[in-house]
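Since every read-out is calculated from the coordinates, none of them should be taken as a lab result. Keep in mind that what you see is a predicted model, and the values were worked out from it rather than measured. Glycine gets a Cβ as well: all are built from the backbone with ideal geometry, and neighbour counts include every protein chain shown.
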Amino acid sequence: MIIAIDGPAASGKGTLAKRLAAYFGLRHLDTGLIYRAVAKALLDAGHPLDDRAHAVAAAAALDAGRLDEAALKGHSMGEAASVVSAIPEVREALIKLQRDFARQPPGAVLDGRDIGTVIAPWADVKIFLVAAPEERARRRAAELRQHGVVVNEAAILADIRRRDERDRTRAVAPLQPAANAHLLDTTHLDIDAAVRAAVDIVKAARAG
């Protein structure tokens with residue numbers, strides 16, 4: 001079984017996908033980490049994020065089994081990943097890696113921005129998360145504060161709005177729900193309630 005979880009920045013995709021994977025006994029891939037890893041490779045080497053040649057080379061050399069999640073989870077790295085993910089050649093280089101992961105038994109939960117539309121359009125269940133930008137900014141700020149980071153919530157909200165616009169309007173794989181995706185608005189749901197709603201969606205889909 002393949003479950004595709006898509007949605008904008010800070011909508012809770014990663015946490016929801018991990019919980020669903022554990023519930024149904026599937027593997028999990030946070031595809032956003034792949035793009036963050038490419039962005040980090042560019043920054044570490046001193047290259048600009050829009051350097052196509054070096055971005056494609058970094059994507060080709062990526063080892064998905066050796067991703068440092070702690071180093072890749074920062075807000076600034078998410079903003080950087082949004083820039084490199086808009087490069088068509090980078091997306092093409094990473095598609096095969098994601099599809100190979102999805103096809104391995106017993107199945108997987110993949111979360112990102114184009115799983116249900118581009119990476120695994122054949123997924124058994126597609127869920128598209130939405131939440132108000134203000135709520136997403138509040139959650140991201142709370143997450144960063146838990147790690148001792150001093151944050152400016154207004155700046156985070158502005159970044160989220162910019163990322164939303166860039167993700168929606170990019171030429172390749174723009175952020176949009178698949179035609180047969182189940183929309184799940186988590187604006188007023190905590191994570192436990194969101195997981196229960198998602199589990200119900202998956203069970204209903206499997207039952208036909």
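Would you mind computing Rg(Cα) / (2.2 N^0.38 Å) for the range 7-75, counting N as its residues?
Working: Rg = 13.8 Å, N = 69, 2.2 N^0.38 = 11.0 Å.
So the range 7-75 has a normalised radius of gyration of 1.25.
I'd like to know which of I95, S82, V109 lies farthest towards the positive end of the charge dipole of the range 49-110, counting +1 on Cβ of Lys and Arg and -1 on Cβ of Asp and Glu.
Of I95, S82, V109, it is V109.
At 7 Å along the Cα-to-beta-carbon direction for both E92 and S76, put a label point, then send me their distance in nm to one decimal.
Placing both labels 7 Å along Cα→Cβ, they lie 3.2 nm apart.
Choose one of P121, A137, A205: the residue whose Cα lies farthest towards the positive end of the charge dipole of the range 108-208 (beta-carbon charges +1 Lys, Arg; -1 Asp, Glu; about the Cα centre).
P121
Tell me which residues come under 5 Å, amide H to amide H, from V130 once H is placed; ignore anything under 5 positions away on its chain.
For V130, the qualifying residues are L184, D185, T186.
Classify the range 29-140 as rounded, prolate or oblate, taking a ≥ b ≥ c as the square roots of the eigenvalues of its Cα gyration tensor: rounded when a/c is under 1.5, otherwise prolate if a/b is larger than b/c and oblate if not. Walk me through the numbers on the way to the answer.
Values: a/c = 1.75, a/b = 1.16, b/c = 1.51.
In terms of gyration-tensor shape, oblate.
Taking the Cβ of A10 as the centre, find all other residues whose Cβ is under 13 Å away and add up their charges (Lys, Arg: +1; Asp, Glu: -1).
Working: positive: K13, K73, R113, R136, R138, R139, R140, R161, R162, R163; negative: E79, D111, E134, E135, E143, E153, D159, D164, D167.
Net local charge, A10 excluded: +1.
How high is the relative contact order of the chain? Use alpha-carbon pairs under 8 Å, at least six apart in sequence, and give a whole percent.
Values: 308 pairs, mean separation 69.0, N = 208.
It rounds to 33 percent for the chain.
Taking θ = phi - 60°, what integer Hz values does the Karplus form 6.51 cos²θ - 1.76 cosθ + 1.60 yield along the range 158-165, in sequence order, with x for Gly and Pro?
Computed from phi, the couplings for the range 158-165 are 4, 5, 4, 5, 5, 5, 4, 5 Hz.
Given a Förster distance of 22 angstrom, what is the FRET efficiency for T15 paired with D68, based on the Cβ-Cβ distance and rounded to 0.05? Don't skip to the answer; put the middle values down first.
On the way: r = 19 Å, r/R0 = 0.85.
The calculated FRET efficiency here is 0.70.
Can you give the Kirkwood hydrodynamic radius for the range 113-208, in Å, rounded to one decimal and based on Cα pairs?
Mean inverse Cα-Cα distance, inverted, gives 15.1 Å.
Rounded to a whole number, what is D in µm²/s for the chain from Stokes-Einstein with the Kirkwood radius over alpha-carbon pairs (20 °C, 1.002 mPa s)?
Numbers: Rh = 17.3 Å.
It diffuses with D of about 124 µm²/s by this estimate.
Take D50 and R161, extend 7 Å from each Cα along the Cα→Cβ direction, and tell me the distance between the two endpoints in nm.
If labels sit at D50 and R161, their model points lie 2.2 nm apart.
As a quick test, which of the pairs K18/K73; K73/K96; K18/K203 have an alpha carbon distance above 19 angstrom in this structure? Walk me through the intermediate numbers first.
Numbers: K18/K73 15 Å; K73/K96 23 Å; K18/K203 17 Å.
Check vs 19 Å cut-off fails for K73/K96.
With +1 on each Lys and Arg Cβ and -1 on each Asp and Glu Cβ, how big is the dipole of the chain about its Cα centre, in debye rounded to the nearest 20?
Values: 29 positive and 27 negative charges, 66 e Å.
Using Cβ point charges on Lys, Arg, Asp and Glu, the chain gives about 320 debye.
Just name one of L183, M1, H147: the one whose Cα is farthest towards the positive end of the charge dipole of the chain (beta-carbon charges, Lys/Arg +1, Asp/Glu -1).
Farthest towards the positive pole: M1.
Consider all pairwise Cα distances in the range 157-208 and report the whole-number % of them above 11 Å.
Numbers: 1008 of 1326 pairs.
The share of Cα pairs beyond 11 Å in the range 157-208 comes to 76 percent.
Residue by residue through the range 175-186, what is 3J(HN,Hα) from phi via Karplus (6.51 cos²θ - 1.76 cosθ + 1.60, θ = phi - 60°)? Round to whole Hz and write x for glycine and proline.
Karplus-based 3J(HN,Hα) across the range 175-186 equals 5, 6, x, 5, 4, 9, 7, 8, 7, 10, 8, 9 Hz.
Please list 3J(HN,Hα) in residue order for the range 36-49, calculated via the Karplus relation 6.51 cos²θ - 1.76 cosθ + 1.60 where θ = phi - 60°; whole Hz, with x for glycine and proline.
Per residue, the Karplus-derived 3J(HN,Hα) values read 5, 5, 5, 4, 5, 4, 5, 5, 4, 8, x, 9, x, 5 Hz.
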